[in-house]
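Trainee: Take a look at the following structure, please.
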Amino acid sequence: MFSNLPRVTKILLIANGLVFLLQQVLSEVALAPFMLWPLGGGNLSPISQFLPWQVLTYAFMHGSFAHLLFNMLALLMFGAPLEHTWGERRFLTYFLVCVLGAAACQLAVGAWTMAQGGDAYPTVGASGGVFGFLLAYGMLFPHQRVMLLIPPIPMKARTLVIVYGVIELLLGFTGWQPGVAHFAHLGGMLFGWLLIRYWRGQSPFGRRGPPRPRIVR
């Protein structure tokens, strides 16, 4: 199965696995410069400083084995079919845009939290890109039936996207699940949706609907 995976999906799986092994060897202080810290966090501690490369490197780090496992399973389930459909270049572009979009949203939320007197904490994980893959899968294969792991309920891909989007929005605003970057997940979905709309030439990047016929007189 692994040998039949498309190349970029395979590279992402290997990269995330290797970085997680590196996390088990090195200390958090040594890896802190590669986590995504909020803007202005460096005023509190030298290691909690935002650095430009963090908007990419954070997506290859994970907080636990379960965190890594669920993200990589989602990458296999949703990412591999998308790479087969789009090809390597477009698939990689989509992943990077979702990761960067998730980072932008998380930085905005982190800056607001800091302004309200909250603590600075780092963000890690490929979830922004994974949620972007989930959205794209639901848009490209809306009637494909998928099975949730917890709970094991079959549903259409389009329904799954809507359910996860609503849950993330609810958890993000209520704070019922602290310690999870819900708005980063939503940011990955938002920027993925915008990129697909751009590729399709749809609003807000193109004309809305089919062109009107010209009247010849």
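The values are calculated or read from the model by the stated rules, or taken from the named source; none is laboratory data. Just so it is clear, the structure is predicted and the values come from calculations on it, not from any experiment. Note that each Cβ is placed from the backbone with ideal geometry, even for glycine, and that neighbours are counted across all protein chains shown.
Matching residues to (1) modelled with pLDDT of 85 or more; (2) more than 17 Å from Cys105 (Cβ to Cβ):
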{"position": "Arg145", "(1), (2)": "yes, yes"}
{"position": "Val163", "(1), (2)": "yes, yes"}
{"position": "Leu171", "(1), (2)": "no, no"}
{"position": "Phe191", "(1), (2)": "yes, no"}
{"position": "Ser203", "(1), (2)": "no, yes"}
{"position": "Arg207", "(1), (2)": "no, yes"}
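Trainee: Between a residue in the range 137-149 that is surrounded by 16 or more Cβ atoms within 10 Å (Cβ to Cβ) and any residue that is of a type in the set (Gly, Ala, Ser) and at pLDDT below 95, which pairs come within a Cβ distance under 6 Å, given they are 6 or more apart or on different chains?
Mentor: These pairs meet every condition: Tyr137/Ala157; Gly138/Ala157; Phe141/Ala157; Val146/Ala157.
Trainee: Could you run through the range 46-96 and say how many residues are within 14 Å of Leu31 (Cβ to Cβ) and more than 18 Å from the chain's Cα centre (by Cα)?
Mentor: From the range 46-96, those within 14 Å of Leu31 (Cβ to Cβ) are 47-49, 51, 53-54, 57-63; that's our starting set.
After this cut, where a residue has to be more than 18 Å from the chain's Cα centre (by Cα) as well, the list is 47-49, 51.
Count: 4.
Trainee: Separate question: Conditions: (1) in contact with a strand residue (DSSP E or B) (Cβ under 9 Å, 6 or more places away or on another chain); (2) part of a loop (DSSP other than H, G, I, E, B); (3) of a type in the set (Ser, Thr, Tyr). Tyr121 meets all but one. Number of the miss?
Mentor: All conditions are met except number (1).
Condition check ((1) touching a helix residue (DSSP H, G or I) at 6+ places or on another chain (Cβ under 8 Å); (2) free of Cβ contacts under 8 Å to residues at least 24 places away in the same chain) across all residues:
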site	(1), (2)
Trp86	yes, yes
Arg89	no, yes
Tyr94	yes, no
Ala102	yes, no
Gly110	yes, no
Gln116	no, yes
Phe133	yes, no
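Per-residue answers, yes or no, for (1) in contact with a Lys or Arg (Cβ under 6 Å, 6 or more places away or on another chain); (2) surrounded by 20 or more Cβ atoms within 10 Å (Cβ to Cβ); (3) over 22 Å from His182 (Cα atoms):
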{"residue": "Leu31", "(1), (2), (3)": "no, no, yes"}
{"residue": "Pro38", "(1), (2), (3)": "no, yes, no"}
{"residue": "Gly63", "(1), (2), (3)": "no, no, no"}
{"residue": "Ala74", "(1), (2), (3)": "no, no, no"}
{"residue": "Leu82", "(1), (2), (3)": "no, yes, yes"}
{"residue": "Ala102", "(1), (2), (3)": "no, yes, no"}
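Trainee: Still on this structure: Pull up the range 44-61, narrow it to residues that are among the polar types (S, T, N, Q) and either assigned to a helix (DSSP H, G or I) or modelled with pLDDT of 95 or more (or both), then point me to the one that is surrounded by the most Cβ atoms within 10 Å (Cβ to Cβ).
Mentor: Gln54
Trainee: Based on this model, can you work out whether Pro213 counts as modelled with pLDDT under 75, surrounded by fewer than 16 Cβ atoms within 10 Å (Cβ to Cβ) and not hydroxyl-bearing (Ser, Thr, Tyr)?
Mentor: Spelling it out, Pro213 is indeed modelled with pLDDT under 75, surrounded by fewer than 16 Cβ atoms within 10 Å (Cβ to Cβ) and not hydroxyl-bearing (Ser, Thr, Tyr).
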